[in-house]
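Please read the structure below before turning to the comments.
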Amino acid sequence: MVNAEFTFGNFVICSALLALGWRLLKLFANHPFDNLPGPPSASFFFGNIKQFQVPQAWAFHQHIADTYGHVVKYRGLGNQAQIWVSDPKALHYILVKEQDSYNKFIHLRKVLFGDGLASTLGEHHRKQRKMLNPAFSPRHLQEMVPIFYNVSHKLREAILSRVTAGPQEIDMLHWFGRTALEFVGQSGLGYSFDHLDDRPPHPYSLNMKNLFPTVFRLPVLERLLPYVSELGSPAFRRAFVKLIPFADVQSVRRIVDMMDKTSQEIVRSKEVNNLVADEQTGGGKDIMSILLKANRAAEEEDRLPDAEVIAQVTTLVFAATDTTSSALSRIFYLLAQHPEAQDRLRDEICAARRQYGDLNDKQLDGLQYLDAVIRETVRLYAPVPFVERTANKDTVLPFSQPIVGIDGIDIHEITIPKGTIVTVAIMRANRDPDIWGDDMQEWKPERWLTSSPDKVANVHFPGVYSNMMSFGGGNRGCIGFKFSLLEMKTLMSVLLESFGFSLSDKDIKWNLGALVTPTVNGSVGPQLPLIVSKI
């Protein structure tokens with residue numbers, strides 16, 4: 001018995017040593033990226049992660065772009081060689097032509113949202129997207145406009161009640177988050193989360209605002225998810241997570257539990273109550289009603305199981321709330337910084353509203369300066385600054401222009417080994433001086449009011465929106481980006497007619513993360529205080 005235990009112990013130790021040895025051998029062996037330029041590793045264990053993924057990593061990202069160009073080698077967890085890409089042809093291969101060879105990093109999203117659209121791959125993802133596509137058709141978006149105005153006018157009244165006696169400092173991120181949640185609640189789920197008044201906001205709103213800032217403080221644990229996310233049963237994993245002695249981990253666990261519980265309640269209420277269309281919030285035309293009807297009518301092999309339907313709710317709410325509120329916050333912050341642009345936009349909106357009242361989708365799209373302000377904001381300040389893919393097999397990645405290697409020789413393509421993490425550098429692609437010119441770092445809505453320069457028109461980024469990467473690209477591009485744009489245009493047309501926005505005396509910092517969020521320097525938690533005055 002002793003010999004058996006001794007033998008087993010030796011086996012475990014030897015296995016661990018072999019695994020470590022193999023890892024070290026791979027680390028120090030020749031690698032296809034050896035000749036690629038990039039920053040030196042800052043740590044044997046963390047690589048460049050603590051430079052790359054921290055809230056104020058803007059300077060490091062800019063340093064990479066300025067120093068190394070479109071394709072950059074950097075080091076990830078365990079000093080693994082990874083690659084940072086903004087080259088248009090390479091991005092087209094990653095997101096379109098060879099998209100099935102580059103998996104989205106779904107482990108975190110699967111933990112947070114379940115098997116929703118953002119957490120599935122390949123045929124599984126295509127099946128879900130096919131089921132959801134009708135809910136995002138142009139005709140359906142037109143039907144959502146009255147709902148968007150109903151919510152926008154509620155926010156207008158909430159703000160008006162606070163500024164009637166004079167200008168006030170208001171945390172606009174707080175209100176944009178509540179409003180974006182109500183947008184997606186009514187139009188997406190046929191469910192009202194928030195009255196947009198003095199009553200406390202729905203817990204969903206408060207928790208979602210803090211989710212990604214909290215997750216971004218856990219970059220090492222996020223990198224370990226591929227190795228532990230399938231370990232044991234779900235019950236075992238849940239019990240294990242409860243034992244992790246990190247406050248941020250427990251905060252994420254509580255937020256995820258709350259989101260899942262709310263999503264289950266929404267789906268059950270729609271299925272059990274089976275209300276007639278005109279009795280439902282959203283008139284039965286919301287995305288979830290359309291999905292449930294389509295799912296019931298689908299062939300059995302195409303039907304989504306209950307767990308995936310619930311996951312679509314969580315995915316939809318998060319994707320439509322945080323990105324929209326982040327974009328709106330940046331837009332109004334920039335308008336407060338640039339009062340002349342704010343006045344010009346207000347004049348355009350007021351002239352149209354005097355003629356038509358609440359504008360329909362085509363009339364909103366006809367407001368050229370409104371469209372230019374939104375395009376320029378999401379170009380320069382994409383709410384999601386980068387995304388990651390993982391190569392699921394050895395592939396060859398070509399470049400649109402050669403990269404000068406460390407040895408001075410031009411590199412036209414590179415082998416991407418299986419398992420490599422590839423960072424799609426959205427922010428860098430949207431600010432490429434070779435495409436956007438020397439003023440690419442300036443916020444200039446006017447650049448969209450003239451014909452696009454040949455470089456912009458001919459660059460062929462795989463983005464789904466306006467030749468930019470802000471809403472992703474390929475078949476995994478944001479399914480609801482037109483939905484989000486229409487929400488923003490509706491809300492801006494209502495608020496800018498009624499209010500003026502200016503900067504407060506507080507120092508605003510924008511935190512880099514899976515989602516960019518504003519905060520007051522020295523304070524805890526996302527917020528955007530602006531001075532709001534009645535017009």
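The values are calculated or read from the model by the stated rules, or taken from the named source; none is laboratory data. Because the structure is a prediction, the values reported are computed rather than measured. Note that each Cβ is placed from the backbone with ideal geometry, even for glycine, and that neighbours are counted across all protein chains shown.
Being more than 30 Å from ASP434 (Cβ to Cβ), touching a Lys or Arg at 6+ places or on another chain (Cβ under 8 Å) and without any contact (Cβ under 8 Å) to a residue 60 or more places away in the chain is the requirement here; does VAL520 meet it? Considered against the rule, which asks whether it is more than 30 Å from ASP434 (Cβ to Cβ), touching a Lys or Arg at 6+ places or on another chain (Cβ under 8 Å) and without any contact (Cβ under 8 Å) to a residue 60 or more places away in the chain, VAL520 comes out as yes. Within the stretch 86-118, how many residues are surrounded by 19 or more Cβ atoms within 10 Å (Cβ to Cβ), under 12 Å from PHE461 (Cα atoms) and touching a helix residue (DSSP H, G or I) at 6+ places or on another chain (Cβ under 9 Å)? Qualifying residue count, the stretch 86-118: 8.
Scan the stretch 82-102 for residues that are in a helix (DSSP H, G or I) and of a type in the set (Val, Ile, Thr) and jot them down. Those that are in a helix (DSSP H, G or I) and of a type in the set (Val, Ile, Thr): ILE94, VAL96. Per the listing ARG344, ARG354, ARG303, ARG330, the residue uniquely within 30 Å of ASN511 (Cα to Cα), basic (Lys, Arg) and free of Cβ contacts under 8 Å to residues at least 40 places away in the same chain is ARG344. In the stretch 218-258, the qualifying residues are those that are without any contact (Cβ under 8 Å) to a residue 40 or more places away in the chain and part of a loop (DSSP other than H, G, I, E, B), and the one that is nearest to the chain's Cα centre (by Cα) is LEU218.
Residues in the stretch 200-224 that are surrounded by fewer than 17 Cβ atoms within 10 Å (Cβ to Cβ) and either more than 20 Å from GLY525 (Cβ to Cβ) or acidic (Asp, Glu) (or both): VAL220, LEU221, LEU224. Residue pairs whose Cβ atoms lie under 6 Å apart, separated by 6 or more positions or on different chains, with the first residue in the stretch 89-107 and in contact (Cβ under 8 Å) with a residue 12 or more places away in the chain and at negative phi and the second part of a helix (DSSP H, G or I) and surrounded by 19 or more Cβ atoms within 10 Å (Cβ to Cβ), are TYR102/ILE94; ILE106/SER119. Given the structure, is VAL532 hydrophobic (A, V, I, L, M, F, W, C), surrounded by 23 or more Cβ atoms within 10 Å (Cβ to Cβ) and farther than 18 Å from PRO383 by Cα? Against the criterion (hydrophobic (A, V, I, L, M, F, W, C), surrounded by 23 or more Cβ atoms within 10 Å (Cβ to Cβ) and farther than 18 Å from PRO383 by Cα), VAL532 qualifies.
Looking across the stretch 275-294, just one residue is in a loop (DSSP other than H, G, I, E, B) and either at pLDDT 85 or above or closer than 21 Å to ALA307 by Cβ (or both), and that is ASP286.
From the list GLY122, GLY114, the lone residue that is among the small types (Gly, Ala, Ser) and within 18 Å of GLY419 (Cβ to Cβ) is GLY122. For the stretch 503-529, a residue qualifies if it is surrounded by fewer than 19 Cβ atoms within 10 Å (Cβ to Cβ) and more than 22 Å from the chain's Cα centre (by Cα), and the qualifying residues are LEU503, SER504, ASP505, LYS506, ASP507, ASN521, GLY522, SER523. Could you tell me whether the stretch 227-237 includes any residue that is polar (S, T, N, Q) and crowded, with 16+ Cβ neighbours inside 10 Å? No; the residues of the stretch 227-237 include none that is polar (S, T, N, Q) and crowded, with 16+ Cβ neighbours inside 10 Å. Residue-level analysis places GLN368 among those that are within 30 Å of the chain's Cα centre (by Cα) and exposed (fewer than 13 other Cβ atoms within 10 Å of the Cβ).
Here's the yes/no breakdown for (1) closer than 30 Å to ALA319 by Cα; (2) free of Cβ contacts under 8 Å to residues at least 60 places away in the same chain; (3) not hydroxyl-bearing (Ser, Thr, Tyr):
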| position | (1), (2), (3) |
| --- | --- |
| VAL404 | no, no, yes |
| ILE414 | no, no, yes |
| ILE421 | yes, no, yes |
| ALA429 | yes, no, yes |
| ASP438 | no, yes, yes |
| GLY473 | yes, no, yes |
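Taking the conditions exactly as written (farther than 28 Å from SER101 by Cα and of a type outside the set (Asp, Glu)), does ARG476 satisfy them or not? So ARG476 fails the test. Give me a count of the residues in the stretch 194-217 that are under 29 Å from PHE246 (Cβ atoms) and touching a residue at least 12 places away in the same chain (Cβ under 8 Å). Result for the stretch 194-217: 16. Residues in the stretch 54-75 that are under 21 Å from the mean Cα position of the chain (by Cα) and within 22 Å of ARG223 (Cβ to Cβ) were compared, and the one that is surrounded by the fewest Cβ atoms within 10 Å (Cβ to Cβ) is GLN56. Of everything listed in (1) at pLDDT 85 or above; (2) assigned to a helix (DSSP H, G or I); (3) surrounded by 12 or more Cβ atoms within 10 Å (Cβ to Cβ), the single unmet condition for LYS270 is (1).
Residue-wise test of (1) at pLDDT below 95; (2) assigned to a helix (DSSP H, G or I); (3) surrounded by fewer than 24 Cβ atoms within 10 Å (Cβ to Cβ).
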| position | (1), (2), (3) |
| --- | --- |
| GLU301 | yes, yes, yes |
| SER326 | no, yes, no |
| LEU334 | no, yes, yes |
| ASP343 | no, yes, yes |
| CYS350 | no, yes, yes |
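Assuming SER192 fulfils every condition listed in (1) in a helix (DSSP H, G or I); (2) at pLDDT 85 or above apart from one, which condition is it? Single failed check for SER192: (1). Report, by residue number, each residue of the stretch 219-267 that is modelled with pLDDT under 85, hydroxyl-bearing (Ser, Thr, Tyr) and either closer than 14 Å to PHE113 by Cα or touching a helix residue (DSSP H, G or I) at 6+ places or on another chain (Cβ under 8 Å) (or both). Selection gives SER229 alone. With the requirement that a residue be within 21 Å of SER137 (Cα to Cα) and in contact with a Pro (Cβ under 9 Å, 6 or more places away or on another chain), what does the stretch 474-511 give you? Across the stretch 474-511, the qualifying residues are GLY474, GLY477, LYS482.
Among the residues of the stretch 164-177, those that are surrounded by fewer than 19 Cβ atoms within 10 Å (Cβ to Cβ) and either over 21 Å from TYR333 (Cβ atoms) or in contact with a Lys or Arg (Cβ under 6 Å, 6 or more places away or on another chain) (or both) comprise THR164, ALA165, GLY166, GLN168. Note on the stretch 371-386: among residues that are in contact with a strand residue (DSSP E or B) (Cβ under 9 Å, 6 or more places away or on another chain), not in a loop (DSSP other than H, G, I, E, B) and not β-branched (Val, Ile, Thr), the one that is surrounded by the most Cβ atoms within 10 Å (Cβ to Cβ) is ARG379. Any residue at all in the stretch 169-179 that is part of a helix (DSSP H, G or I), within 30 Å of TYR149 (Cβ to Cβ), touching a Gly at 6+ places or on another chain (Cβ under 9 Å) and not aromatic (Phe, Trp, Tyr)? Checking the stretch 169-179: not a single residue is part of a helix (DSSP H, G or I), within 30 Å of TYR149 (Cβ to Cβ), touching a Gly at 6+ places or on another chain (Cβ under 9 Å) and not aromatic (Phe, Trp, Tyr).
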